[in-house]
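Have a look at the structure below before the remarks.
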Amino acid sequence: MIGTGVFTSLGFQLVDIQSAPAIIMLWLIGGLSALCGALSYAELGAALPRSGGEYHFLTDIYHPCAGFTSGWVSATVGFAAPTALAALTFGSYLNSSGVNVDPSWMATVAIVALTAAHCSTHRHSGSTQTLFTVLKLILIVVFSFTALTLSPMETQASFLWSTGDTVLLGSGAFAVSLIYVNYAYSGWNAATYISGELAAPQQSLPWVLGVSTTVVAALYCLLNVVFLYVAPMEAMVGKVEVGVIAAEFAFGKTIGATMGLLLAMLLISTISAMILAGPRVLHRIGQDYPRFAPLARENRDGIPVTAILLQSCTALLFLWTASFEQILVFSGATMALNTFATVLGLFVLRWKRPHLSRPFRVTLYPLTPLIFLGITGWTLIYVVLQRPVEALISAAVVASGGVFYWLVRPHEHPDL
């Protein structure tokens with residue numbers, strides 16, 4: 001989860017929201033939404049324990065067309081686009097930290113190297129992800145507390161609530177800014193993509209999703225408090241590398257550049273996570289549709305190498321052809337629509353199959369999934385109203401997935 005969004009989106013939020021309390025509320029509401037979504041996914045993952053994430057859930061709950069379209073979205077947008085964003089952020093942070101390299105070139109190197117690592121063995125793949133995750137958590141905590149205690153600057157923003165902040169909470173700018181926040185939290189569902197490879201998914205998945213989402217929400221709020229505390233808002237408006245800017249204000253140019261370099265290193269974990277989880281969707285499509293059988297090919301260690309290579313190539317295509325903000329808004333809205341349909345499926349599954357074994361039931365049902373659906377639906381409405389171009393592109397991708405399914409369906413599923 002932790003990666004591109006939390007280290008880049010603050011600059012975009014500050015364009016329309018110049019309020020520290022409102023910014024922190026964005027991250028709290030985003031964390032609540034992610035936690036409610038994660039708990040809902042935990043019930044689905046425990047009841048339907050097979051790898052594939054939304055592709056598997058929507059196929060089982062609604063119709064193979066819904067599952068195929070979701071897999072299409074995940075393959076073309078849900079993982080490839082965030083992989084490109086994380087890699088580009090990695091390159092931008094390196095460049096801003098004084099390392100004289102081209103961000104796009106470094107992003108390309110990162111994607112290629114991590115693709116090679118995840119195409120080897122489960123041991124190497126898992127240890128790579130674990131190492132970078134641990135380093136990432138340590139660096140975030142160390143950066144936050146040292147910045148708060150050692151910064152020579154006075155507090156740059158007021159965190160006292162005012163009447164104007166209350167008005168902001170109901171504004172379109174606040175709703176659209178949630179797209180950036182929800183994008184930052186978007187990895188909360190990644191564990192369901194490899195649930196079939198977990199030893200005991202019914203027991204472990206709820207803890208994996210619930211605990212990790214809560215921890216990440218706390219870290220996200222802490223990081224944004226630090227950014228707003230040590231750096232003036234005007235210095236971060238519209239900027240991607242807010243972590244480097246905050247570090248320079250907190251520690252000075254030299255130490256700030258070093259901290260920015262360390263923050264760039266931890267973004268490797270985000271690229272790694274996307275390359276690890278996403279191809280499992282393509283792998284499932286290859287298993288279910290003979291025409292796409294090459295995607296189901298595995299190496300001797302059971303790793304879907306072909307699917308990994310295809311997703312990485314798609315990520316490189318995004319990297320070389322689109323701007324950072326275009327990818328972020330478009331992919332964030334598309335992924336939100338995907339998760340909205342999946343959480344809605346929790347109600348459908350309980351209605352259609354009430355006697356299905358559910359080792360885990362979502363806490364405070366139906367309030368928990370309704371909170372997620374309400375926040376996500378509100379955000380999507382304002383994206384359509386205020387960012388219609390991105391909304392139309394997102395709708396086109398979803399529609400193309402449905403069309404593609406109906407083109408292959410008669411050959412693969414003649415009984416449907």
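Taking residue 400 as the residue in question, decide whether it is under 25 Å from the mean Cα position of the chain (by Cα) and of a type in the set (S, T, N, Q). Give the steps one after another, and end with the answer.
Numbers: under 25 Å from the mean Cα position of the chain (by Cα): yes; of a type in the set (S, T, N, Q): yes.
Against the criterion (under 25 Å from the mean Cα position of the chain (by Cα) and of a type in the set (S, T, N, Q)), residue 400 qualifies.
Taking first residues from the range 250-269 that are surrounded by 17 or more Cβ atoms within 10 Å (Cβ to Cβ) and partners that are of a type in the set (Asp, Glu), the Cβ contacts under 8 Å between residues at least 6 apart in sequence or on separate chains come to 256/248; 257/248; 260/241; 260/248. Within the range 144-152, one or more residues are surrounded by 15 or more Cβ atoms within 10 Å (Cβ to Cβ), out of contact with any Gly (no Cβ under 9 Å at 6 or more places or on another chain) and modelled with pLDDT under 75.
Can you confirm whether the range 313-327 contains a residue that is at pLDDT 85 or above, within 25 Å of residue 102 (Cα to Cα), surrounded by 17 or more Cβ atoms within 10 Å (Cβ to Cβ) and among the small types (Gly, Ala, Ser)? Among the residues of the range 313-327, at least one is at pLDDT 85 or above, within 25 Å of residue 102 (Cα to Cα), surrounded by 17 or more Cβ atoms within 10 Å (Cβ to Cβ) and among the small types (Gly, Ala, Ser), which makes the answer yes. Are any of the residues in the range 354-368 in contact (Cβ under 8 Å) with a residue 12 or more places away in the chain, assigned to a helix (DSSP H, G or I) and either out of contact with any Lys or Arg (no Cβ under 7 Å at 6 or more places or on another chain) or not hydrophobic (A, V, I, L, M, F, W, C) (or both)? Looking for residues that are in contact (Cβ under 8 Å) with a residue 12 or more places away in the chain, assigned to a helix (DSSP H, G or I) and either out of contact with any Lys or Arg (no Cβ under 7 Å at 6 or more places or on another chain) or not hydrophobic (A, V, I, L, M, F, W, C) (or both), one finds at least one in the range 354-368, hence yes. In the range 218-239, the residues that are within 10 Å of residue 144 (Cβ to Cβ) and touching a residue at least 60 places away in the same chain (Cβ under 8 Å) form Cβ pairs under 7 Å with partners that are among the polar types (S, T, N, Q) and assigned to a helix (DSSP H, G or I), at six or more places apart or across chains, as follows: 222/144; 223/144; 226/144.
Residue-by-condition table, conditions (1) among the β-branched types (Val, Ile, Thr); (2) at pLDDT 85 or above; (3) crowded, with 19+ Cβ neighbours inside 10 Å:
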position: 164; (1), (2), (3): no, no, no
position: 186; (1), (2), (3): no, no, yes
position: 197; (1), (2), (3): no, no, no
position: 206; (1), (2), (3): no, no, yes
position: 211; (1), (2), (3): yes, no, no
position: 216; (1), (2), (3): yes, yes, yes
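The residue that is modelled with the highest pLDDT, among those in the range 287-312 that are closer than 30 Å to residue 390 by Cβ and among the small types (Gly, Ala, Ser), is 312.
Can we say residue 346 is in a helix (DSSP H, G or I), exposed (fewer than 15 other Cβ atoms within 10 Å of the Cβ), of a type in the set (A, V, I, L, M, F, W, C) and more than 20 Å from the chain's Cα centre (by Cα)? Write out each step before concluding.
Values: in a helix (DSSP H, G or I): yes; exposed (fewer than 15 other Cβ atoms within 10 Å of the Cβ): no; of a type in the set (A, V, I, L, M, F, W, C): yes; more than 20 Å from the chain's Cα centre (by Cα): yes.
Answer is no for this residue.
Residue-wise test of (1) over 16 Å from residue 78 (Cβ atoms); (2) modelled with pLDDT of 90 or more.
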residue	(1), (2)
368	yes, yes
372	yes, yes
387	yes, no
391	yes, no
397	no, no
401	no, no
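If the condition is being touching a residue at least 24 places away in the same chain (Cβ under 8 Å) and touching a Lys or Arg at 6+ places or on another chain (Cβ under 9 Å), then the range 290-305 contributes 301, 304, 305. Residue count for the range 1-51 under the criterion of being under 19 Å from residue 331 (Cα atoms) and in a loop (DSSP other than H, G, I, E, B): the result is 3.
The values are calculated or read from the model by the stated rules, or taken from the named source; none is laboratory data. None of these values were measured; they are calculated from a predicted model. Quick reminder, even Gly has a Cβ in these numbers, built from the backbone with ideal geometry, and neighbours come from all protein chains shown.
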